[in-house]
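Reading through the C-alpha cells given below for one structure.
The values are calculated or read from the model by the stated rules, or taken from the named source; none is laboratory data. Every value quoted in this text rests on a predicted model; they were computed, and no experiment measured them. Areas reflect the complete protein model, heavy atoms only, side chains present, ligands, DNA and RNA absent. Shrake-Rupley method; radii C 1.70, N 1.55, O 1.52, S 1.80 Å.
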Amino acid sequence: ILEPRTDFPTIICNRTGRIAPVGLDTAVLKKNIPADEKMRLRKEHGFEADDVILCNVSRLSWEKRPLELIDLFLQVKGKKKFKLIIVGNGPLEEELNEKIRKNGLEKYLVCSFGFLSYLQVKQSGFYR
C-alpha cells in the first residue's frame, strides 16, 4: 500500500503487509494526456507505439529496492515489449548500473540518474 507522505517517512508493519508512505504528490501528475502528446513523448524518449513502459522515480537506496526492480523486470521482459525507465539517484546507483550491464538490459532501459523535482516529473510525461 502506498500513501502520499505528509510527514517524515515511517513504515508501519503488520502480519499482512506494510504501509510505505511515498514522497510523490500524485495530484501534480497529468491525468489525461491526449494521444498525440503521448506519441510525441514516446518518440522523444525513443519508444515505439506498442512498447509497454514501466517507470520508477525514486531514490536509489535499499529501502526503495531498485535492484529487486531489475530482478522483476528480468522475469517479464520477454512477455511483452516492456521498457523500463528509472529516474533517481542514491547510494545504489553504481550497483544498479552494474546489474543492468551484467544482465544485458541496456536496450530495454532508459536510465536518468539524478534528482527531478515534482514539476520536472510532471513535465516529463513519464508518469500519468
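Residues whose amide H lies under 5 Å from that of residue 57, counting only those 5 or more places away or on a different chain, are 87; hydrogens are built 1.01 Å from N in the peptide plane.
At 0.36 nm per residue, minus the direct Cα-Cα distance, what do residue 38 and residue 62 gain on full extension? Give it in nm, one decimal, please.
5.4 nm
Taking every protein chain into account, the 1.4 Å probe leaves residue 74 with about 60 Å² of accessible area, to the nearest ten. Over 27 Å between C-alpha atoms is what I'm after, so list which of 79/107; 31/99; 38/102 land there. As for pairs spanning more than 27 Å Cα to Cα, those are 31/99; 38/102. Rounded to the nearest 10 square angstrom, residue 67 shows an accessible area of 40 square angstrom against a 1.4 Å probe.
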